[in-house]
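Reviewing the structure listed below.
Readers should treat all values here as calculations from the given coordinates under stated rules, not as data from a laboratory. All values derive from a computational prediction rather than experimental measurement. We place every Cβ from the backbone using ideal geometry, glycine too, and count neighbours over all the protein chains shown.
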Amino acid sequence: MIDRKEIMGFSRDIRLSANIVEKDYVIGWLLAGISNHPNLSKSWVFKGGTCLKKCYFETYRFSEDLDFTLINSDIQNKDYLIKAFKNVAHWIYDATGIQIPEERIKIYPYKNPRGKISIQCRIYYRGPMQPGGDLPRIKIDLADDEIVVYNPINRDVYHPYSDKPLNGIQIQSYCYEELFAEKMRALTERLRPRDLYDIVHLFQNISPNHSKDMINKALLKKCEYKDISKPTMNIIKNKPERNELEIEWVNMLGHQVPELPPFEKFWEKLPDIFNWLYQ
């Protein structure tokens, strides 16, 4: 395990709190533990904002939770997950000294809005910044009620700390086009600040290697699966959450980036994104 001094150095360099840096550090090792597990590594597909930060954009917002789609629903049993997380916790402790107390591994199955079972896990840890006191936590969302359109790919995990494993860390993840499509659909479903932030960055980092046709195909399939309309600019701007989106911009994202651009700079990009995607 790296020491407090290294965490504080990163905190000064990137101008974010030491607790945010520590969580990013622990997330890197949690991903390593998941990728080392014989079943979780094959059955979970990494996605969401933390996937963007750890697998695609090194300088990005410090997302604090983990999101996975399950491609084998047989292993979402609560007892199995507790056992699997205990194995992961032991592996991480042996590799680093990071403590994940077994009694603080919490699994919460719940019904999502479609009436299907999803699972939220909460993992509490003791890292370089917590020699005592209350333990911080990492939330992990496991979604079984999701369609994975394209074959997952193995991505290197960005772990800039001095104890990075010799062979690095890899994790099974969504491809770029699938991440783009799922974030577009999220704009229709919930319209949260992080979704607007992520979709603009995904758009700004489109390269000739990325396929617009693949994004459109995945977006259509994901919307059909959830029985919702494909997003349009008219749908987004007329959603009742529009005003709350602007109000919550700084509150939800201000602690995740050193200098958060104003909401308007992101909102005004949306028409360009829709025009590019649907033209």
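Annotations
- Distant-in-sequence amide contacts of Ile105, defined by a placed amide H-H separation under 5 Å and a gap of 5 or more residues or a different chain, comprise nothing.
- The stretch 211-273 and the stretch 1-55 have Cα centres spaced 25 Å apart.
- Taking the chain and dividing mean pair separation by its residue count, relative contact order in percent (alpha carbons under 8 Å, at least six apart): 19 percent
- For the peptides 49-62, 8-21, the ranking by mean Cβ contacts within 10 Å, running from highest to lowest, is 49-62, 8-21.
- Cross-link table Lys116/Lys217; Lys42/Lys106; Lys83/Lys226; Lys42/Lys111, entries beyond 26 Å C-alpha to C-alpha: Lys83/Lys226
- Percent antiparallel among DSSP beta bridges (both partners in the chain, rounded to 5): 80 percent
- The Kirkwood radius of the chain, taken over pairs of alpha-carbon atoms, gives through the Stokes-Einstein law at 10 °C and 1.306 mPa s a diffusion coefficient of 81 µm² s⁻¹.
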